[in-house]
Amino acid sequence: QVQLVESGGGLVQAGGSLRLSCVVSGRNISWKTMVWYRQTPGKQRELVATITGDSNTNYKDSVKGRFTISRDNAKNTVYLQMYSLKPEDTAVYYCNYPLYNSWGQGTQVTVSS
């Protein structure tokens, strides 16, 4: 059984930084695509960043240049480094392992203006 556990969220002022972590257990993530999503109340979950098995990355336009997705296969962990945070980045952030359609419980990020 695959389990994903996110951490690192919190309350930060606009312009601040946070690093989210997603620790995966039950399956090795090496050479597999991993994804970060986010969701705000009343809205659909939206894709934020993707990292492929060979570490190619893609980002939602509004976070390009501010967010960086990375992976540490030895730790079976995926990260989302977020800089220059804006109030509109406020959301619950979820880690996703598409191959197994597995999701974490989410971690709340709140950016105050």
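The values are calculated or read from the model by the stated rules, or taken from the named source; none is laboratory data. Note that the structure is predicted; figures quoted are calculated from it, not measured. No Cβ is skipped: glycine too gets one built from the backbone with ideal geometry, and neighbour counts run over all protein chains shown. Surface accessibility is based on the protein's heavy atoms, side chains included, excluding ligands, DNA and RNA. Shrake-Rupley method; radii C 1.70, N 1.55, O 1.52, S 1.80 Å.
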* Scope segment 30-52; condition of a type in the set (Gly, Ala, Ser) and either part of a loop (DSSP other than H, G, I, E, B) or touching a residue at least 60 places away in the same chain (Cβ under 8 Å) (or both); matching residues -> Ser30, Gly42
* Asked: Out of all the residues in segment 96-103, is one or more open to solvent by 10 Å² or more (accessible area, probe 1.4 Å), among the small types (Gly, Ala, Ser), part of a strand (DSSP E or B) and touching a residue at least 24 places away in the same chain (Cβ under 8 Å)?
  -> yes
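Quick check on segment 18-29: of everything there that is free of Cβ contacts under 8 Å to residues at least 60 places away in the same chain and touching a strand residue (DSSP E or B) at 6+ places or on another chain (Cβ under 9 Å), which residue is nearest to Glu88 (Cα to Cα)? Outline the logic, then answer.
To start, the set of residues in segment 18-29 that are free of Cβ contacts under 8 Å to residues at least 60 places away in the same chain comprises 21, 23, 25-26, 28.
Still in the list and also touching a strand residue (DSSP E or B) at 6+ places or on another chain (Cβ under 9 Å): 21, 23, 25-26.
Details: Ser21: 20, Val23: 26, Ser25: 31, Gly26: 34 Å.
Going through the qualifying residues, I end up with Ser21.
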* Looking only at segment 80-95, count how many residues are surrounded by fewer than 21 Cβ atoms within 10 Å (Cβ to Cβ) and either part of a strand (DSSP E or B) or modelled with pLDDT under 95 (or both). => 2
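This table checks each residue for (1) more than 14 Å from the chain's Cα centre (by Cα); (2) surrounded by 15 or more Cβ atoms within 10 Å (Cβ to Cβ).
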site	(1), (2)
Leu11	yes, no
Gly26	yes, no
Ser30	yes, no
Pro41	yes, no
Asn58	no, no
Arg66	no, yes
Arg71	no, yes
